[in-house]
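Accompanying notes for the structure given below.
Every number in this text was worked out from the coordinates using simple rules, so none of it is lab data. Every value quoted in this text rests on a predicted model; they were computed, and no experiment measured them. Here the Cβ positions follow ideal geometry from the backbone for every residue, glycine too, while neighbour counts run over all protein chains shown.
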Amino acid sequence: MPLSAIPNESIEKTALGIDRPEDVVVGRDGRVFAADHQCAVAEIFSDGTFKRMGPKGGAPNGINMDGQGRIVIANFGIYDREPGPLQRFDPASGRHETLLTEVEGRRLTSSNYPVIDRAGNIWCANSTHAETWPQALDGRTDGFIYVLTPDGEARVVAEGLKFPNGMAMSADERYLYCAQTSGADVLRFEILPGARLGPGERYGPVLGQMMTPGQPTPPAETLGYTDGIGLDAEGNLWVCLPAADKVVAITPDLEVVTVIHDPSGEVVNHPTNVTWGGPDLKDLYLGSIRADYVLKTRSPVAGQPLVHQL
């Protein structure tokens, strides 16, 4: 089924008043959770209200869910000059725990987005060790991807990356995809035995321009800063371009299709992640780095079911 653009008028705001909802995750039971800087996560209800759960601390960024329904949180410390650990919150028990604060002697400063595979490995990006946003997006290659195995072993599996951000895993768990924000692209890594990665290669084209100090600012709709990504059931890789208020999809043929674009930014305001839920996995949720709400609409294609939705 070919992808079709989603009309802006079909996109509705929910959870008004939430604090920087970078990401959303939908459980097998249909419960919807979002990142919120005032707590660990917030649960969003069908009437549009939300409830904050867990303690406040740091900057919850990308979130995902494991097979036991626990929410894995990548905490992005650069915002408050705090550490950026990998954490976990259990909505059933209310238990909040820190899983990792460092990997191979490297302090986690900006854990960004976690992905969990069927074996229980948690893969996560640490975007940068920069102290400020201008430094973070200057093209430096200090980002890395790390993995935490079920037996507690943690190691770096890819490094030298340009602000690694959102990640997604192919349905057969053969490939791991990672957005490079200051590379304006997506990398694909082959997943090797023993929870390791092969070399990264660019997947699809560069997705837009970058701002260069001292140079005129390019039109917003051409900016290619990549953020969250997600795979649908037909193998299209959806990529959020927050500075352009746009979401595109890279098809299996490596063509780029625009599926959401709001040039005004009045509704789709700096989208950062896409998540599918609902009985048919066609309820589409968008997180944001700037808006105080989550967006919900219907997707033309079902999402690829994640580990916690199988």
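One quarter of the convex hull surface, Cα atoms only: what value does that give for the chain in nm²?
Spelled out: convex hull of the Cα atoms, projected over all directions, averaged, 14.5 nm².
Hey, could you grab the Kirkwood Rh for region 231-295? Inverse mean 1/r over distinct alpha carbon pairs, Å, one decimal.
Result for region 231-295 stands at 12.2 Å.
So what's the Cα pair-distance distribution over region 156-202, bin width 10 Å, in %?
28, 59, 13
From the P(r) of region 201-265, could you give the percentage of C-alpha pairs in the tail past 19 Å?
The proportion of pairs with Cα distances above 19 Å equals 31 percent.
For PRO205, what charge total do you get from the other residues with a beta carbon under 10 Å from its beta carbon, if Lys and Arg give +1 and Asp and Glu give -1?
Computed value for this residue: -1.
Using a 7 Å offset from Cα along Cα-Cβ at LYS51, what residues in region 267-310 end up with backbone N under 20 Å from the label point?
Flagged as within label range: 278, 294.
So, with +1 on the Cβ of K and R and -1 on the Cβ of D and E, and no other charges, what is the size of the charge dipole of region 141-226 about its Cα centre, to the nearest 20 debye?
140 debye
Percentage of Cα-Cα pair distances in region 91-239 greater than 21 Å, rounded to whole percent?
Of all Cα-Cα pairs in region 91-239, 46 percent lie more than 21 Å apart.
Below 8 Å between Cα atoms, with a sequence gap of 6+, how large is the relative contact order for the chain in percent?
This gives 17 percent for the chain.
Starting at 0 and stepping by 10 Å, how many percent of the alpha carbon pairs of region 187-310 end up in each bin?
Spelled out per bin, shortest first, that is 12, 39, 34, 13, 2.
When only alpha-carbon atoms are used, what values of Rg and Dmax, in angstrom, describe region 1-105?
15.1, 49
Go through 125-134, 94-103 and give me the packing order, highest mean Cβ count within 10 Å leading.
125-134, 94-103
May I ask what percent, to the nearest 5, of DSSP beta bridges between residues of the chain are antiparallel?
Of all bridge pairs located within the chain, approximately 100 percent are antiparallel.
Springs between alpha-carbon pairs under 10 angstrom, Gaussian network model over the chain: which of GLN38, GLN215, GLN180 fluctuates most?
Comparing GLN38, GLN215, GLN180 in the GNM, the peak value goes to GLN215.
Can you compute the charge dipole magnitude of region 189-292 about its Cα centre, using +1 on each Lys and Arg Cβ and -1 on each Asp and Glu Cβ, nothing else charged? Give it in debye, rounded to the nearest 20.
Here region 189-292 has a charge dipole of around 340 debye.
Select from PRO242, PRO263, PHE33 the residue farthest towards the positive end of the dipole of the chain; place +1 on Cβ of Lys and Arg, -1 on Cβ of Asp and Glu, and compute about the Cα centre.
Positive-end residue among those listed: PHE33.
In bins 5 Å wide, starting from 0, what share of all Cα pairs of region 126-167 does each bin hold, as a percent?
With 5 Å bins starting at 0, P(r) equals 6, 24, 26, 18, 13, 7, 4, 0.
When the convex hull of the Cα atoms of region 61-161 is projected onto a plane and the area is averaged over all directions, what value comes out in nm²?
Hull-based average projected area comes out at 6.3 nm².
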